[in-house]
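Trainee: What follows is a structure written as structure tokens; I'll ask about it next.
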Amino acid sequence: MKNDLRPARLSPRDVLRVGSVGLRARRARVVLSALGIAIGIATVVAVVGLSESSRADLMARLDRLGTNLLTAEAGKDAMGNEIKLPRNAVAMVERIGPVRHATASADVDARIRRSDVVPEERTAGVTAQAVRADLLSALGGEVGRGTWLTPAGERLPTTVLGAVAAERLGITRTGETIMMNDTRVAVVGILEPIELVPNLDRVAMVGFPTAERYFGFDGHPTTVFERSTDASVADVRAILARTISPGDELGIKVSRPSDALAAKAATDEGLTTLMLGLGAVALLVGGVGVANTMVISVLERRQEIGLRRALGATRGAIRLQFLTESLLLSALGGATGALLGAATTYGFAWFQGWTAVVPPWSLAGGLAATLLIGVVAGLYPAIRASRLHPTVALNAT
């Protein structure tokens, strides 16, 4: 009776045990090799996570602030002359059907100083604007300290400072006074930063009646703000300029403040792409390190390979052993990198006050990339090991 001798097949458990022998025997080298993979994966996961967290925070801010705010600012006509918006510009805008709320502000010619002992030319970089009492609610702003302009206060020499203006003037509480030209004005409020209209952070605001009475303001607004329904923003934007200034609409600049925040998201996407490229380079370097480690491992373990071949191990078993070892090495680095990247994302998001977002696809993609690197990096060493002749391998020194 003829005996069929067939090589025994290794079970998955045996493959993992044999493949991990080399890793357990050379732990320091394994750690250093896996470190390159870990850095690359951590970079990729952290960059994607921070980008998504930042974008989620931005979208939440846009939802909170609204994207339906439009501004119309006076510019210059075709002859280069300054255009003045009509006094009733707000009323004209409110006649547009979808408009829910309209208000205005205007530049005021007033030099602002901390006190009357400060020379007039030292204005601390703070300008003055006349505003309507409903401006704060239209912009979604908040008062940090004190109060906003009341119907009575907008007729008195009182002011509300933007966050930056208060800092530049050294005002930390309400009740203090500043000089606007030669008029002493009481500070009744300090605003929180206004995200949609950040230029108001550097402004001292007074009511329209106060500006007319004390600073020679002519009553013509400089900027009109309006909020409409979300679905009609584009339609209102198309007619806003000619509604405010028929015949001179080309000199009216209409903008959507939320577009600046959206542009920031686009800028962040470019930076994210750059950082992902750096992460890919780190992965490539890590892959080269794994390949180098496996080649050295094959050279150092030639006698082991020869002994296994002499005992009946097939070339396929040898290839599978070293390929598994390479995969385990890469997977170790990938798992460590994924954890580091996720931890970095959560830590930085917590520090920034964001909601941490780590897309599952970034973790899955990172681990898949490490396995691919493990296959590519270990393929050549595995083939080289399987081609060693048992006699030559056993005689190697």
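Every read-out reported here was derived from the displayed coordinates using simple, explicitly stated rules and does not represent laboratory data. Since this is a predicted model, take the numbers as computed values, not measurements. Backbone-built Cβ (ideal geometry, glycine too); neighbour counts: all protein chains shown.
Trainee: Tell me the label-point distance for the pair Leu58, Ser232, using the 7 Å Cα-to-Cβ offset, in nm and rounded to one decimal.
Mentor: 3.0 nm
Trainee: With each pseudo-label sitting 7 Å past Cα toward Cβ, what's the Glu176-Arg213 distance in nm, one decimal?
Mentor: Once both label points are built, they end up 2.5 nm from each other.
Trainee: Going highest first, how would you order 287-293, 220-226 by mean Cβ packing within 10 Å?
Mentor: Those peptides, ordered most packed to least, come out 220-226, 287-293.
Trainee: Across the range 44-57, in residue order, what do the Karplus-derived ³J(HN,Hα) couplings come to in whole Hz, using 6.51 cos²θ - 1.76 cosθ + 1.60 with θ = phi - 60° and x for Gly and Pro?
Mentor: Working through the residues one at a time gives 4, 5, 5, 5, 5, x, 5, 5, 5, 5, 5, 5, 5, 5 Hz.
Trainee: I would also like to ask the following. Determine, for each peptide in 40-46, 349-355, the mean count of other beta carbons within 10 angstrom over its residues, then list the peptides with the highest first.
Mentor: With the highest mean Cβ count within 10 Å placed first, the list reads 40-46, 349-355.
Trainee: Please work out the Cα center distance from the range 191-211 to the range 119-152, rounded to the nearest Å.
Mentor: If we compute the Cα centre of each part, the gap is 4 Å.
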